[in-house]
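Beneath this line is the structure, given in structure tokens, with notes to follow.
The values are calculated or read from the model by the stated rules, or taken from the named source; none is laboratory data. Computed from a predicted structure; not experimentally measured. Here the Cβ positions follow ideal geometry from the backbone for every residue, glycine too, while neighbour counts run over all protein chains shown. These area figures cover heavy atoms from the full protein model, side chains too; ligands, DNA and RNA do not enter into them. Shrake-Rupley method; radii C 1.70, N 1.55, O 1.52, S 1.80 Å.
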Amino acid sequence: MYAKVDPDFSVYCHCDDCRRSTGAPVLASIGFWKKDTKWDFTDSLARFVAGTATRLFCSQCGSPIGQEHESASERIFINTGFMDDPASFPPNAHTFAGAQLPWLNLADDLMRHESTILIKL
């Protein structure tokens, strides 16, 4: 995938769905407007629909790529770890902060939200 613009937000998500889909205690993801993105490897892009979320992954290696949500149908959310340069996209907030695992210690001063929120970078 490539984008014509930089992402417009970057968050940590602590929801159970994101944890289960990545196998990690938290998901870092960045958001793009779909109109600004284009897939350059559609032959290996696979989708799995679960409720109102569609998980995107590589059908050749199984890597989780990102997600699409009915509640934000004009956007695409890409897992930060999937990016070529993940260090360039530090999260600027936490979503579903109440679901954060008690043993996960993220010592930062980022805003913490109890639901999804689209935050501009």
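Within the range 33-46, residues that are of a type in the set (D, E, K, R) sit with their Cβ atoms under 7 Å from residues that are exposed (fewer than 11 other Cβ atoms within 10 Å of the Cβ), at 6+ positions apart or across chains, in these pairs: LYS34/GLU74; ASP36/LYS4; ASP36/VAL5; LYS38/TYR2; ASP40/TYR2. With respect to the conditions (1) among the charged types (D, E, K, R); (2) touching a strand residue (DSSP E or B) at 6+ places or on another chain (Cβ under 6 Å); (3) open to solvent by 40 Å² or more (accessible area, probe 1.4 Å); (4) closer than 20 Å to VAL5 by Cα, ASP85 falls short on a single one, namely (2).
Taking the condition touching a His at 6+ places or on another chain (Cβ under 9 Å) and farther than 14 Å from PHE32 by Cβ, does ASP85 pass?
Here the answer is no, as ASP85 does not meet what is asked.
Scanning the range 40-81 for residues that are touching a strand residue (DSSP E or B) at 6+ places or on another chain (Cβ under 7 Å), part of a helix (DSSP H, G or I) and more than 21 Å from GLY23 (Cβ to Cβ) yields a total of 0. Within the range 46-56, being of a type in the set (A, V, I, L, M), at pLDDT below 90 and open to solvent by 20 Å² or more (accessible area, probe 1.4 Å) holds for one residue alone: ALA50. Does SER59 meet the test of being more than 16 Å from VAL11 (Cβ to Cβ), out of contact with any Phe, Trp or Tyr (no Cβ under 8 Å at 6 or more places or on another chain) and surrounded by 11 or more Cβ atoms within 10 Å (Cβ to Cβ)? Criteria met by SER59.
Answer with yes or no whether SER71 is open to solvent by 30 Å² or more (accessible area, probe 1.4 Å), among the hydroxyl-bearing types (Ser, Thr, Tyr) and modelled with pLDDT of 90 or more. Judged against the criteria, SER71 is not a match.
If you take the residues of the range 11-39 that are in a strand (DSSP E or B) and open to solvent by 20 Å² or more (accessible area, probe 1.4 Å), which of them is nearest to ALA97 (Cα to Cα)? Per the criteria, the residue is TYR12. Within the range 29-43, take every residue that is modelled with pLDDT of 85 or more and among the polar types (S, T, N, Q) and give me the one that is farthest from the chain's Cα centre (by Cα). The qualifying residue farthest from the chain's Cα centre (by Cα) is THR37.
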